[in-house]
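Chemist: Okay, here's the structure, questions in a sec.
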Amino acid sequence: MDGSMTPRSAPVLILLGPPGAGKGTQARMLEDRFGFVQLSTGDLLRQAVAQGTEAGRLAKPIMEAGGLVTDEIVLAILGERLTQPDCSSGVVLDGFPRTTAQAEALDEMLAQSGQRIDAAISLEVDDVQMVQRIAGRFTCAKCGEGYHEQFKTPQVKDTCDACGGTEMTRRADDNAATVMSRLDAYHAQTAPLIDYYDRRGVLRKVDAMRQIKVIGESIADVVASETA
Ligand code: AMP
């Protein structure tokens, strides 16, 4: 409750940053710490591909090439997910928005439900190192916990710390050629959103070249102060 005694609407946070910046890892930490729901359009699209839906069929070749899936498909998938009841505890958007059109559509969707963006947190990283970061990452096939050969290894080799799962997977688009295309797409279409949110007064920058836990603490501080 804020000073005006009006109940505040569910927090909405955005994580911005190039592929490999750590958006997924940090979104999961925010889920654990604050009870928010991580909404990753990349995960939603990968699910659609795995399920063989019409949207998945259209998205697959674009994702494999490292391009951006159309705003129409992404907005439909995200819009549907946002109406599910668990989102009422607050959401962390990871990998969305990625274009100005998506950012404007998000503003509209939120306005319709009386919500607003509490903070757009930009994970500031050195691009050159993103290729190396992405090359080393893998995920638990059972629960989706993310790991990295160098920066976050499981305590027991090939066993997930979170759920005990023993099957680890690597994303098909985490190869060097596709990563370069994804970085290009980021600079051409997504980086302008840093200005977009700066102009709206909700941009917060966090140095994301530090240790995962230290970055997590900085982000948690931003979230605590912006959603208080
Ligand atoms: P990510 O898991 O966020 O790295 O996304 C993986 C791939 O899914 C991207 O390279 C895009 O092809 C697609 N994708 C994810 N989110 C979006 C989005 N908001 N807009 C367009 N394409 C997206």
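Chemist: Scanning segment 63-80 for residues that are open to solvent by less than 30 Å² (accessible area, probe 1.4 Å) and not in a helix (DSSP H, G or I), which turns out farthest from the ligand (Cβ to nearest atom)?
Modeler: G66
Chemist: Next question, about the same structure. Starting from segment 80-109, keep only residues that are aromatic (F, W, Y), then list their pairs with residues that are assigned to a helix (DSSP H, G or I) whose Cβ atoms are within a distance under 6 Å, requiring at least 6 positions of separation or different chains.
Modeler: As it stands, the answer is F96/T41; F96/L78, since those pairs meet every condition given.
Chemist: Please verify whether R170 is in contact with a Phe, Trp or Tyr (Cβ under 9 Å, 6 or more places away or on another chain), open to solvent by 20 Å² or more (accessible area, probe 1.4 Å) and of a type outside the set (A, V, I, L, M, F, W, C), treating the condition exactly as stated.
Modeler: Spelling it out, R170 is indeed in contact with a Phe, Trp or Tyr (Cβ under 9 Å, 6 or more places away or on another chain), open to solvent by 20 Å² or more (accessible area, probe 1.4 Å) and of a type outside the set (A, V, I, L, M, F, W, C).
Chemist: Now for a different question. Looking at the structure I just gave you, is A185 within 16 Å of the ligand (Cβ to nearest atom) and surrounded by fewer than 14 Cβ atoms within 10 Å (Cβ to Cβ)?
Modeler: no
Chemist: Restricting to segment 192-210, and then to whatever is free of Cβ contacts under 8 Å to residues at least 24 places away in the same chain and in a loop (DSSP other than H, G, I, E, B), can you tell me which residue is nearest to Q26 (Cα to Cα)?
Modeler: R210
Every residue, every condition in (1) surrounded by fewer than 16 Cβ atoms within 10 Å (Cβ to Cβ); (2) modelled with pLDDT under 95; (3) under 19 Å from Y197 (Cα atoms), yes or no:
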| position | (1), (2), (3) |
| --- | --- |
| L30 | no, no, no |
| Q38 | no, no, no |
| L82 | no, yes, no |
| P85 | yes, yes, no |
| S88 | yes, yes, no |
| A101 | yes, no, yes |
| G114 | yes, yes, yes |
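Chemist: Any idea which of (1) within 11 Å of the ligand (Cβ to nearest atom); (2) open to solvent by 20 Å² or more (accessible area, probe 1.4 Å) is the one G20 doesn't satisfy?
Modeler: Result: G20 fails condition (2) only.
The values are calculated or read from the model by the stated rules, or taken from the named source; none is laboratory data. Everything numeric here is computed off the predicted structure, so don't read it as measured data. Cβ: placed from backbone, ideal geometry, glycine included. Neighbour counts: every protein chain shown. Please note that ligands, DNA and RNA were not included when accessible areas were found on the heavy atoms of the full protein model with its side chains. Shrake-Rupley method; radii C 1.70, N 1.55, O 1.52, S 1.80 Å.
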